[in-house]
There are 2 protein chains.
Amino acid sequence: MPDVNTIRRLDAESPGFSQSLDALLAWNDEQNPQVEATVAEIIHAVRARGDAALLEYTARFDRWQPADSGALEVSRAAQEAALARIPADMRAALERAAGRIQDYHGRQVQESWQYRDAEGHLLGQQVRPLDRVGVYVPGGKAAYPSSVLMNVLPARVAGVPEVVLVAPSPGGQTNDSVLAAAAIAGVDRFLQIGGAQAVAALAFGTESLRSVDKIVGPGNIYVATAKRMVFGRVAIDMIAGPSEILVVCDGKTDPHWVVMDLFSQAEHDENAQSILVSPDAEYLDAVHAEIERCLPEMNRADIIRQSLSERGVLIRVADLDAAVALVNRIAPEHLELSVEDPHALLPAIRHAGAIFLGRHAAEAMGDYCAGPNHVLPTAGTARFFSPLGVYDFQKRSSLIGLEPVAVDALARDAETLARGEGLEAHARSAACRISKG
Amino acid sequence: MPDVNTIRRLDAESPGFSQSLDALLAWNDEQNPQVEATVAEIIHAVRARGDAALLEYTARFDRWQPADSGALEVSRAAQEAALARIPADMRAALERAAGRIQDYHGRQVQESWQYRDAEGHLLGQQVRPLDRVGVYVPGGKAAYPSSVLMNVLPARVAGVPEVVLVAPSPGGQTNDSVLAAAAIAGVDRFLQIGGAQAVAALAFGTESLRSVDKIVGPGNIYVATAKRMVFGRVAIDMIAGPSEILVVCDGKTDPHWVVMDLFSQAEHDENAQSILVSPDAEYLDAVHAEIERCLPEMNRADIIRQSLSERGVLIRVADLDAAVALVNRIAPEHLELSVEDPHALLPAIRHAGAIFLGRHAAEAMGDYCAGPNHVLPTAGTARFFSPLGVYDFQKRSSLIGLEPVAVDALARDAETLARGEGLEAHARSAACRISKG
């Protein structure tokens, strides 16, 4: 083991392991009353005063004064101009990534289905895209064109007729790569607004913006709180917590590769969580040493160090079966199976947002261009949430077509059950369909 | 038109129609701060004191004193005994309904999928059931065995290993038909608890109850508020508002049938909404007269009268196309297409929870036994929510297996895009996989 200890070590066989792990995984998701009050006020103002409030908050929080609501709009020409301006290799990489994302998501499209049952009744579901979707993309320094592609393209593939992109533009400047990604993904409107005021405008509409049916995309605590508050009025995607990676390694992957994978998670922010699980204690030593060797070289060394020391861990387990049991307990957002035969472990994996199979499958490639979505359930919510997908932009209507000649049996059962529940009109509504013959 | 006017009339061609309709559809979904405070306190107490708090609240709100947490449990034998006790026709109807619900929902099961792309990389999604689900069923007078079947069976079909049913038992009594439905659907545990305390126990667990991953099922304002508050910690189904029906009729369905359909919605509660849309003004007169004639006969006449007079409406439209436009604007929970050729209208319907096709397809049969789920998006949320289904009890993990020989191109693009976003560890994590040859 190296002299410095940036990251903690645990042994799953030791007494107290379970408690130590729980403490490390604990994430305080309690809402902040101060933030809640501020967001509630902003939502109320935008609901009540529309564009006027939107312009005021933009001036206050983004530090630029749009002349009017028209000034919030980024034209298609401006997006195309940015696409022409960005470096050629960046443009080509974005376009190839968009192609792969579209291809993968095309396989998620759900079709309407119907069948005739034994009695001849028609049953099924009609599947339709949502009418209007809002995509929130953070602006400023942490402007991620990959988020534009990952959030807009599934909606486009689903056939959503109107996709509205919103991104704050601090000081009135929007990042060229975000504009370029919007041009590639194809959005119907692009508005330079952000924060809780953008979420409120999308949910309730203003004079210049028609309300949408669903709001997706990452954002800070104000954006996340606003999304939670408008949920029910519109649909939202997940409420994102900090990002995690869990690498399961048999001890035979180049330690440098695994270290860069752990760092790639840790560099996102101080609350990100990087976990390595291996049955090979010497391998954990080697990774530990490589962490200490590489850390000073990284441009985000301070963030990585804080993330690893507060939330990171290298865990020795008895064997790969024990590693899989840990995976299912943690339900990580990203899981790398950096082992000889990852497919042998797959059937036992119950909970993970995305599963990367094999030593070459680095999370970073999934983040940008492998094809699957990088919007994934965090903080253990892979137990019940799924990656963002085309299915998030489609919804279903049940279909129930009853054949008159076969309706009597159904109507009698409905009548019996309705009377049992004391609902007379239900009973009579069914019974009047029974044939009189 | 009859002398009495239980229900209002509107003409879609008249000036002011749009405003009148908006006023009628408006539903105040603002949260009640008093209820919120009470629910927050209950959740806090159950989180902090577990079973002890659960027993105290059960004594206070359900007016019976369980001896200990074991007394909350309803045995399988007690469920079977109730099944043997209920009337034979009720049992047979419940069993046939369960069979139809299972058959329909069996067609919703989503399978894992994977493919190799042009470069040989393996991509796809692994689909798995949730581990543990809690189903809330209201108790007391409004005890609905149909809700047990509709909420439990999709989870069973999805393959959820553990389904926990909770239902309050006012005075310590649980309705026989609810017990019988639990025996038919097959639940792993049945606990006589209810209210916000039951939701808190399901979300956070107690000494005697392991926490679940998702909570579904209808409940009063305290239950709905508690579900909203624990959302994120666990998944929940929709937040249900009052129930609605919209009947589109060409004027050729027996007015009595349509009146019973409108009543079947209105008898649920005073806030339920019943709407009839027809191009035939004389038909609307006939339905109006039939409403006044039948209303005094109904056992829930007072509830029906209040619902129809406050929220009901008969609307004349120019033609069936105008009716469909209204449907898409209202996005009703239940839509009956009581017309000669309902399939001709279907392609234009964008938003409805369930679509009943033809004069014989009464909503009441869908509520109990046609097969599709009766848990549907209310209050216009059919714009973005779907019926409860097997897909609500399954979740997905992305699969990303990269072929070493084909990884260079992907790694180079990921490196370019990561450097563009200023994420060095992402760039190096991808780049170190590029072959050195």
Just checking, how many residues over segment A:1-60 are part of a loop (DSSP other than H, G, I, E, B) and more than 26 Å from the chain's Cα centre (by Cα)?
13
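In the set B:Ser278, B:Ser309, which member is more than 14 Å from chain A (Cβ to nearest Cβ), within 20 Å of B:Thr253 (Cβ to Cβ) and polar (S, T, N, Q)?
Details: B:Ser309 fails: within 20 Å of B:Thr253 (Cβ to Cβ).
One residue alone meets the criteria, B:Ser278.
Got a sec? Which of A:Tyr136, A:Tyr144 is away from chain B (no Cβ under 12 Å) and either farther than 30 Å from B:Arg96 by Cα or within 17 Å of the chain's Cα centre (by Cα) (or both)? Break it down stepwise before answering.
Working: A:Tyr144 fails: away from chain B (no Cβ under 12 Å).
Of the residues listed, the single one that is away from chain B (no Cβ under 12 Å) and either farther than 30 Å from B:Arg96 by Cα or within 17 Å of the chain's Cα centre (by Cα) (or both) is A:Tyr136.
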For segment B:214-249, what are the residues that are in a strand (DSSP E or B) and over 23 Å from B:Glu41 (Cα atoms)?
B:Glu244, B:Ile245, B:Leu246, B:Val247, B:Val248, B:Cys249
Hey, could you check segment A:390-406 for residues that are at the interface with another protein chain (Cβ under 7 Å from one of its Cβ atoms) and surrounded by 23 or more Cβ atoms within 10 Å (Cβ to Cβ) and say which is farthest from B:Gly353 (Cα to Cα)?
A:Leu402
Which number in (1) touching a helix residue (DSSP H, G or I) at 6+ places or on another chain (Cβ under 9 Å); (2) more than 9 Å from chain A (Cβ to nearest Cβ) marks the one condition that B:Ile355 misses?
(2)
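Results for (1) part of a helix (DSSP H, G or I); (2) open to solvent by less than 10 Å² (accessible area, probe 1.4 Å); (3) farther than 30 Å from A:Ser112 by Cα, shown as yes or no for each residue.
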position: A:Glu340; (1), (2), (3): no, no, yes
position: A:His343; (1), (2), (3): yes, no, yes
position: A:Ile355; (1), (2), (3): no, yes, no
position: A:Ser386; (1), (2), (3): no, no, no
Boolean, A:Phe393 is aromatic (Phe, Trp, Tyr) and touching a residue at least 12 places away in the same chain (Cβ under 8 Å)
yes
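Give segment A:407-437 a look and list any residue that's among the polar types (S, T, N, Q) and more than 7 Å from chain B (Cβ to nearest Cβ), or say none.
A:Ser435
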Residues located in segment A:173-196, provided they are open to solvent by 10 Å² or more (accessible area, probe 1.4 Å), assigned to a loop (DSSP other than H, G, I, E, B) and β-branched (Val, Ile, Thr):
A:Thr174, A:Val187
Residues that are open to solvent by 10 Å² or more (accessible area, probe 1.4 Å), assigned to a loop (DSSP other than H, G, I, E, B), modelled with pLDDT under 95 and more than 7 Å from chain A (Cβ to nearest Cβ): does segment B:362-374 have at least one?
no
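Of A:Ala92, A:Ala98, which residue is more than 10 Å from chain B (Cβ to nearest Cβ) and either modelled with pLDDT of 95 or more or not in a helix (DSSP H, G or I) (or both)?
Values: A:Ala92 fails: more than 10 Å from chain B (Cβ to nearest Cβ).
So the residue among A:Ala92, A:Ala98 that is more than 10 Å from chain B (Cβ to nearest Cβ) and either modelled with pLDDT of 95 or more or not in a helix (DSSP H, G or I) (or both) is A:Ala98.
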Looking across segment A:239-266 at residues that are modelled with pLDDT under 95 and surrounded by fewer than 24 Cβ atoms within 10 Å (Cβ to Cβ), the single one that is farthest from the other protein chains (Cβ to nearest Cβ) is A:Pro242
Of all residues being within 7 Å of chain A (Cβ to nearest Cβ) and under 26 Å from B:Val375 (Cα atoms) in segment B:109-130, which is surrounded by the fewest Cβ atoms within 10 Å (Cβ to Cβ)? Just the residue, please.
B:Arg128
Identify, by number, the condition in (1) open to solvent by 40 Å² or more (accessible area, probe 1.4 Å); (2) within 25 Å of the chain's Cα centre (by Cα) that B:Glu333 doesn't meet.
(1)
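Taking the condition of being open to solvent by 50 Å² or more (accessible area, probe 1.4 Å) and assigned to a helix (DSSP H, G or I), how many residues in segment B:290-308 meet it?
Step one: list which residues in segment B:290-308 are open to solvent by 50 Å² or more (accessible area, probe 1.4 Å), which gives B:293, B:296-297, B:299-300, B:302, B:305-306.
Now narrow it down to the ones that are assigned to a helix (DSSP H, G or I): B:293, B:296-297, B:302, B:305-306.
Residues flagged as open to solvent by 50 Å² or more (accessible area, probe 1.4 Å) and assigned to a helix (DSSP H, G or I) within segment B:290-308 amount to 6.
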Go over the candidates A:Val199, A:Val152, A:Val133, A:Val163 one by one and state the one that is crowded, with 24+ Cβ neighbours inside 10 Å and touching a Leu at 6+ places or on another chain (Cβ under 8 Å).
A:Val152
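The values are calculated or read from the model by the stated rules, or taken from the named source; none is laboratory data. What you are looking at is a predicted structure, and each value in this text was computed from that prediction instead of being measured. Because the Cβ atoms are built from the backbone with ideal geometry, glycine has one as well, and the counts that use them run over all protein chains shown. Accessible surface is based on the protein model in full, side chains and every heavy atom, while ligands, DNA and RNA are left aside. Shrake-Rupley method; radii C 1.70, N 1.55, O 1.52, S 1.80 Å.
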